[in-house]
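Below is one structure, written out as structure tokens; the observations come after it.
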Amino acid sequence: MAEPIVKYNKVTKYFDDLQVLDEIDFEIQPGEKVALIGPSGSGKTTFARLLMMLEEITDGTIEVEGEYLWHEKDDKGNLKPASSEHQRKVRSNIGMVFQHFHLFPHMTVLQNIIEAPVTVQGRDKKEATKAGKDMLDKVGLLDKADAYPAQLSGGQKQRVAIARALVMQPKVLIFDEPTSALDPELVGEVLEVIKSIADEGEASMLLITHEMDFAKEVADRIAFFDGGKIVEDGPPSDILYNPQSERLKDFLERFMNTQ
Amino acid sequence: MTFWEIIVSMLGQGLFTTIVTTILAAILALVLGFAGGLMRLSNNRFVRFIVAIYVEVFRGTSLLVQLFWIYFVLPMFGITMSALTAAVLAIGLNYGAYTSEVVRSGIQSVDKGQTEASIALNFTPAQRMRRIIIPQAFIIMLPNLGNQLIELFKSTSLVALITLTDLTYQANVLNASTLQTTEIYTALLVLYFLIAWPLTKGIQILERKLTEGRM
Ligand SMILES: Nc1ncnc2c1ncn2[C@@H]1O[C@H](COP(=O)(O)OP(=O)(O)OP(=O)(O)O)[C@@H](O)[C@H]1O
Ligand SMILES: [Mg+2]
């Protein structure tokens, strides 16, 4: 088997006294699409935000392409907290799409997309503009290039946010409930875009979702979170149709009832 | 003297001094305000502490006393400066303290999601401030900054008390020689208003321009 692109080793996370993640081991293979499901408060978001470096890790390590994300080796080979240069270098492999989009309101759609390629990656502005427009075309919003985010619907905003993340060419793309802030009639267009990148993209995906049908369709694997642990992890058909643990059975049952 | 002659006689040196003092002090206040506001948000406790002291000292004492102190007391410690320099320094330091609070709260009121999106796109902290946070914070701050600019402009009338020949100083001189008190101070009122009003309007227009269709 190839080297995993992401590897969590005994990752533990506390918020003050509250333990949210409990010594989690987890791997994502290159190109693999993994969905995270689980009850509210089970730690899915925290788990993903540690990989994006939006929360501080309490204990354990995360590796991206064999390099530590939160740590560096010192001269003697011991782990020490990573410098900000090291963090940025490793983090450059990761991208994220948020529930609430977080587009830059003071920039047009196209500026939103090419800002980071130009400022952060130092890419040529012409090249970035072309790549940005290609990306906008891919999410079906080329005609909105000069609009401001405030002029877009929620679904359109999220498609722009996806294009903005993709143009950075991340090797791992995190989606944290990308459709749960949307009006129901706008969910479909966003799921469709995510599906098309999943189908054609070489990027790995970590997808937190409450859309079970979608998870089944897109994911190669589903991991079920509960109580700060990954309780079950396997192919969608096993997880959804042949749950082993009581907790997953309960979760799926409750989920079906609310549908 | 007619009302018109009074206005014209104040327009020369007096108007010039008032405007120059306003512009220089405003630049100083803006620079100090941004530096102070950013330092107030630093991770370094010592840096935050230094700015806190600056802000408290200059907010907790009156501008007039600060002006006197800089112009009349500092020379006793061997630091002498022209009346204009003292005026710009006192007003700039005083308004800089207030401005740093405006800048700090403006930056803090930008949605945290903007910072998170910037981290996810791998911006450095400096790039994030410059390209994402400050442009948005600036729009939030603009009404407050505008008010402060007007206040600062009006406060320059105090510099007459350290013998700087601004509008107010000229009015005082004119009053002493002609005793046309009503006309002179009415003219002074009108002149201050005629400068402050377009400033207010200008800032409103800028605000509208910057937010049009975006926020
Ligand atoms: N910044 C924080 N400070 C303190 N506690 C937090 C913080 N963020 C999350 N938590 C807590 O950590 C636990 C896990 O939260 P998390 O958001 O990771 O769950 P989740 O699985 O994503 O839930 P949901 O499905 O509702 O999004 C919750 O109990 C939450 O209250
Ligand atoms: Mg969550």
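List of remarks:
- Leading residue by the ranking (farthest from the chain's Cα centre (by Cα)) among those in the range A:181-221 that are within 20 Å of residue A:52 (Cα to Cα) and within 16 Å of ligand 1 (Cβ to nearest atom): A:209
- Residue A:47 vs. criteria under 30 Å from residue A:191 (Cα atoms), crowded, with 22+ Cβ neighbours inside 10 Å and more than 10 Å from chain B (Cβ to nearest Cβ): yes
- Against the conditions (1) free of Cβ contacts under 8 Å to residues at least 24 places away in the same chain; (2) not in a strand (DSSP E or B), residue A:72 satisfies every one except (2).
- Cβ pairs under 8 Å, 6+ apart, first in the range A:49-67 and touching a residue at least 60 places away in the same chain (Cβ under 8 Å), second more than 14 Å from ligand 1 (Cβ to nearest atom) and small (Gly, Ala, Ser): A:52/B:120
- The set of residues in the range A:8-41 that are more than 16 Å from ligand 2 (Cβ to nearest atom) and open to solvent by less than 60 Å² (accessible area, probe 1.4 Å) comprises A:8, A:9, A:11, A:12, A:22, A:26, A:28, A:29, A:31, A:32, A:33.
- Residue A:90 meets the conditions (1) away from ligand 1 (no atom under 16 Å from the Cβ); (2) touching a strand residue (DSSP E or B) at 6+ places or on another chain (Cβ under 6 Å); (3) at the interface with chain B (Cβ under 7 Å from one of its Cβ atoms) in every case but one. The failed one is (3).
- So residue A:47, is it within 14 Å of ligand 1 (Cβ to nearest atom) and aromatic (Phe, Trp, Tyr): yes
- Neighbours by Cβ (under 6 Å, 6+ apart or cross-chain): first from the range B:62-86, part of a helix (DSSP H, G or I); second among the aromatic types (Phe, Trp, Tyr) and open to solvent by less than 60 Å² (accessible area, probe 1.4 Å): B:86/B:71
- Of the helices (runs of 4 or more DSSP H) lying entirely inside the range A:176-259, those carrying at least 3 residues that are farther than 18 Å from residue A:28 by Cα and of a type in the set (Val, Ile, Thr) are A:184-200.
The values are calculated or read from the model by the stated rules, or taken from the named source; none is laboratory data. Because the structure is predicted, anything quoted here is derived from the model rather than measured. No Cβ is skipped: glycine too gets one built from the backbone with ideal geometry, and neighbour counts run over all protein chains shown. Surface areas here come from the heavy atoms of the whole protein model, side chains and all, with no ligands, DNA or RNA. Shrake-Rupley method; radii C 1.70, N 1.55, O 1.52, S 1.80 Å.
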